[in-house]
Each structure stands twice: as structure tokens, then as C-alpha cells.
1. I need the full set of residues from region 172-215 which are part of a helix (DSSP H, G or I), under 15 Å from residue 42 (Cβ atoms) and open to solvent by 30 Å² or more (accessible area, probe 1.4 Å), in order please.
2. So which residues in region 110-146 are open to solvent by 80 Å² or more (accessible area, probe 1.4 Å) and more than 29 Å from residue 62 (Cβ to Cβ), if there are any at all?
3. In a strand (DSSP E or B) and of a type in the set (A, V, I, L, M): does that describe residue 125?
4. Kindly indicate the residue of region 9-45 that is in contact with a Ser or Thr (Cβ under 8 Å, 6 or more places away or on another chain) and part of a helix (DSSP H, G or I) and also surrounded by the fewest Cβ atoms within 10 Å (Cβ to Cβ) among those meeting that condition.
5. Among the residues of region 141-160, are any over 25 Å from residue 90 (Cβ atoms) and assigned to a loop (DSSP other than H, G, I, E, B)?
6. For region 109-164, which positions are of a type in the set (Gly, Ala, Ser) and either touching a residue at least 24 places away in the same chain (Cβ under 8 Å) or closer than 16 Å to residue 68 by Cα (or both)?
7. Quick one: residue 6 ticks every box in (1) farther than 21 Å from residue 211 by Cβ; (2) in contact with a strand residue (DSSP E or B) (Cβ under 8 Å, 6 or more places away or on another chain); (3) of a type outside the set (A, V, I, L, M, F, W, C) bar one, so which box is it?
8. Go through the residues of region 57-80 one by one and say whether even a single one is surrounded by fewer than 15 Cβ atoms within 10 Å (Cβ to Cβ), at pLDDT 95 or above and within 30 Å of residue 142 (Cα to Cα).
Amino acid sequence: MATRIPDAHFATEARYRGATLVTVSPDLSPSAIHASLWVNPRPGSDAALALGVARALLERNAIDESYVREQTDLPFLVRDDTGRFLRQSDMTPKGRDDIFYVWDLKSARAVEAPGTPGQWSDSLVLGELSPALTGRFAVQAKDGALQTRPVMERLRERVATYTPAYVAQVTGVGPRTQEALAELLATSKRTLIYATWGSCKSYHADLLQRALILLSALRGQHGHTGAGVRFAAW
């Protein structure tokens with residue numbers, strides 16, 4: 001707020017209208033003193049904090065499943081043997097590398113995911129499809145049976161290591177503060193993550209940005225007024 005004085009009033013007015021303002025910053029900055037909650041991770045540890053919150057959201061099942069199924073790649077099937085997406089080229093001799101698959105719960109089989117680059121239409125509408133988000137599935141490919149699972153299943157496994165104790169060790173943010181942040185994200189109807197220059201100018205900042213986008217996607221916040229993720233990009 002000290003360097004963005006013309007914009008500072010937006011944060012204050014949002015609080016007058018009932019918004020909860022959270023500042024994630026290592027220092028007790030001019031923005032932090034006006035926030036409802038100040039979270040101060042060690043510099044460069046923001047991504048670990050975000051993945052810890054993602055674990056908490058998944059643990060309490062506080063995700064927008066309809067959004068995740070249609071608008072993300074989390075239902076896409078991944079081969080256990082290679083760690084790559086299951087592709088049409090795995091299924092048929094002349095298949096494409098840019099058509100991917102989901103496991104349809106209604107038909108109990110692997111089907112092509114709509115809207116992938118190799119499809120004739122770029123629409124993501126699922127129609128009658130109900131992609132699985134958990135489980136392991138045997139798929140009959142051109143060279144034999146393959147064991148697959150959705151990206152979401154792999155995500156749960158990956159973030160399970162970001163326990164409150166581990167995140168506290170990496171970031172310095174205590175478990176109670178982590179829980180308060182997760183609770184806000186899990187229960188808020190609208191959440192806007194506004195990340196400024198720090199999210200663009202540090203090493204591996206792309207991974208931080210992906211972690212923040214993941215939080216927003218799990219809650220189905222993209223595409224709504226007053227929600228989503230915004231990074232400084234003038």
C-alpha cells in the first residue's frame with residue numbers, strides 16, 4: 001500500500017463490504033497491517049504453503065467437483081508405467097498424441113476427453129460423461145493392458161507429504177495459521193488471489209503460480225467476478 005497509494009482504497013472498501021483480506025508476506029508490510037489475517041512465510045517458501053493448503057482442501061473434500069471434472073486436467077488418466085497421459089496413440093495404431101482420456105464412471109471405460117487439442121471441437125462440455133477423480137483403472141491399449149489413474153489421484157498422493165508439521169518446518173507458518181487460511185479458502189464463496197511482482201521475479205516462480213492456480217481451480221473460482229487468480233503483468 002505504501003507504493004500503490006491510488007489503489008489502496010480498494011482493499012479498505014472491500015473490508016467495509018464484508019470481505020476478509022489476507023496478506024501473505026514475509027514482512028509486516030503496510031499491506032499486512034490492514035489485513036484481517038497476516039501470513040508470513042519465509043521468503044521463497046510460498047509454494048510449500050500453497051500445497052499444504054491444497055492438501056487441507058482435498059482432505060476435507062472442499063473442492064468443486066463439477067468444475068474440476070470439466071475445466072481441469074485432473075480427471076485425465078495417467079499411465080502408471082511411464083507417468084504420461086494416456087493418449088490416443090496408446091490406444092490405436094494411428095492415434096494422435098494430443099487426444100487424452102478420462103475414465104467414465106457411467107460406462108466404466110476409458111473415453112476421449114472433450115476439448116483436448118486433437119479433438120475436432122474445443123468445447124469442454126462433458127455432456128453425459130462423468131469422469132472419475134479417484135481410483136485405478138485397467139485400460140486395454142494397442143499393446144496390452146495398462147494400469148492408469150486420474151491426475152487427481154496422483155495429486156492427492158503428492159500433496160499428502162505437505163502436512164502441517166512439514167509446511168511449518170519449511171515456511172515457518174504455524175499449523176493454526178495454516179488451518180485458518182485453509183478454512184477461509186474452503187468456506188468462501190468468492191476468493192481472489194492477487195499476487196504481485198514477487199510471484200513473477202523469483203526463481204521457479206512458475207511453480208508458485210501453478211500452486212496458486214491449483215488452489216483456485218480446486219475451489220472452482222476461475223471465471224467468476226471477484227474471484228480467480230491475478231498476477232502482476234504490466
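The values are calculated or read from the model by the stated rules, or taken from the named source; none is laboratory data. Please read all numbers here as calculations on a predicted model, not as lab measurements. For neighbour counting, all protein chains shown are included, and Cβ atoms are generated from backbone atoms with ideal geometry for every residue, glycine included. Just the protein is used for accessible areas: all its heavy atoms, side chains included, with ligands, DNA and RNA removed. Shrake-Rupley method; radii C 1.70, N 1.55, O 1.52, S 1.80 Å.
1. Those that are part of a helix (DSSP H, G or I), under 15 Å from residue 42 (Cβ atoms) and open to solvent by 30 Å² or more (accessible area, probe 1.4 Å): 177, 198.
2. Scanning region 110-146 gives 117, 120, 122, 140, 142, 143.
3. Taking the combined requirement at face value, the residue does not satisfy it.
4. Only one residue fits best here, namely 15.
5. yes
6. Those that are of a type in the set (Gly, Ala, Ser) and either touching a residue at least 24 places away in the same chain (Cβ under 8 Å) or closer than 16 Å to residue 68 by Cα (or both): 110, 113, 115, 118, 123, 127, 130, 132, 135, 141, 160.
7. Of everything listed in (1) farther than 21 Å from residue 211 by Cβ; (2) in contact with a strand residue (DSSP E or B) (Cβ under 8 Å, 6 or more places away or on another chain); (3) of a type outside the set (A, V, I, L, M, F, W, C), residue 6 misses just condition (2).
8. Checking region 57-80: at least one residue is surrounded by fewer than 15 Cβ atoms within 10 Å (Cβ to Cβ), at pLDDT 95 or above and within 30 Å of residue 142 (Cα to Cα).
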